[in-house]
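Have a look at the structure below, then the notes.
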Amino acid sequence: MKTVKDKQILVGADSSGFPLKEAVCAYLRKKGWTITDIGVRSANEENPEMFHRIGLKVGAKISEGEFERALIFCGTGMGIHIAASKCPHVHAAVCESVPAAKRAITGNNCNVLAMGAFYVSPQMGIEMADAFLNNNLGDGYEWWPNFYEFHKLAYDELEAFDYEAFKRNGFEVERLGDYPLADMMNERPD
């Protein structure tokens with residue numbers, strides 16, 4: 001698997017997301033990242049792939065364990081995110097701010113970050129990519145006790161989720177454990 005630790009990242013964009021992708025990738029290359037770009041690869045590309053096809057290709061590479069994380073771009077970030085999310089083991093987030101991009105990884109363990117070029121400036125995209133790529137689940141972003149364990153449990157339950165089993169169980173999630181949220185939220189540090 002190509003990992004963030006080894007500065008390996010997968011990227012993809014449709015024609016609307018292409019300019020933002022290029023700005024973010026130029027920055028990452030200067031920082032020593034190796035980028036695998038599955039397209040769109042040119043502003044003048046003839047018959048560029050539609051957003052959902054790029055999203056599915058990125059999602060497949062995450063699902064197959066080829067890459068640990070990916071950055072994807074389209075006009076809103078939403079369409080490409082929906083497509084990538086159709087693939088197993090993809091935990092994608094659409095973000096429009098640095099705090100949201102950081103929380104996507106530190107709190108939700110997302111492995112795909114989607115950005116919308118209509119809403120995210122190149123500098124913001126660069127800062128969002130940095131936040132997403134330079135953090136991991138539970139990296140001290142929150143003050144509450146058991147932050148990591150609480151979010152890791154949610155991630156594990158989502159990874160284990162089987163819709164048919166969920167349906168057979170009366171639409172109740174098969175719990176792998178629990179953390180009392182009320183206690184966590186009331187125990188503010190001094």
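Read-outs throughout are calculated quantities, based only on the coordinates presented, and are distinct from any laboratory measurement. The shown structure was predicted, so the numbers you read here are calculated from the model rather than taken from an experiment.
As a test of the definition: which semi-axes, in Å, follow for segment 97-179 when you take the square root of five times each eigenvalue of its alpha carbon gyration tensor? Largest first, please.
29, 17, 8
Can you show me the helix-derived [θ] at 222 nm for the chain, built from DSSP H runs with n ≥ 4 at -39,500 (n - 2.57) apiece and divided by the number of residues, rounded to the nearest 500.
That comes out to -12500 deg cm²/dmol.
Could you pull out every residue, at least 5 positions away or on a different chain, whose amide H is within less than 5 Å of the one on A114? Hs are placed 1.01 Å off N in the peptide plane, and Pro or chain starts have none.
Under 5 Å from the amide H of A114: I72, A93, V94, C95.
Just to check I understand the Karplus step: with θ = phi - 60° and J = 6.51 cos²θ - 1.76 cosθ + 1.60, what whole-Hz values come out for segment 95-109, glycine and proline as x?
10, 10, 8, 5, x, 5, 5, 5, 5, 4, 8, 6, x, 10, 6
For a quick size check, give me the Cα extents of the chain along its three principal axes, largest first, whole Å.
Sorted largest first, the three principal extents are 54, 46, 30 Å.
Output the relative contact order of segment 1-144, whole-number percent, from Cα pairs under 8 angstrom with separation of 6+ residues.
Values: 308 pairs, mean separation 36.6, N = 144.
Here the relative contact order equals 25 percent.
Which of the pairs K31/K86; K86/K152; K5/K86 have their Cα atoms more than 24 Å apart in this structure?
K31/K86; K5/K86, as the Cα separations exceed 24 Å there.
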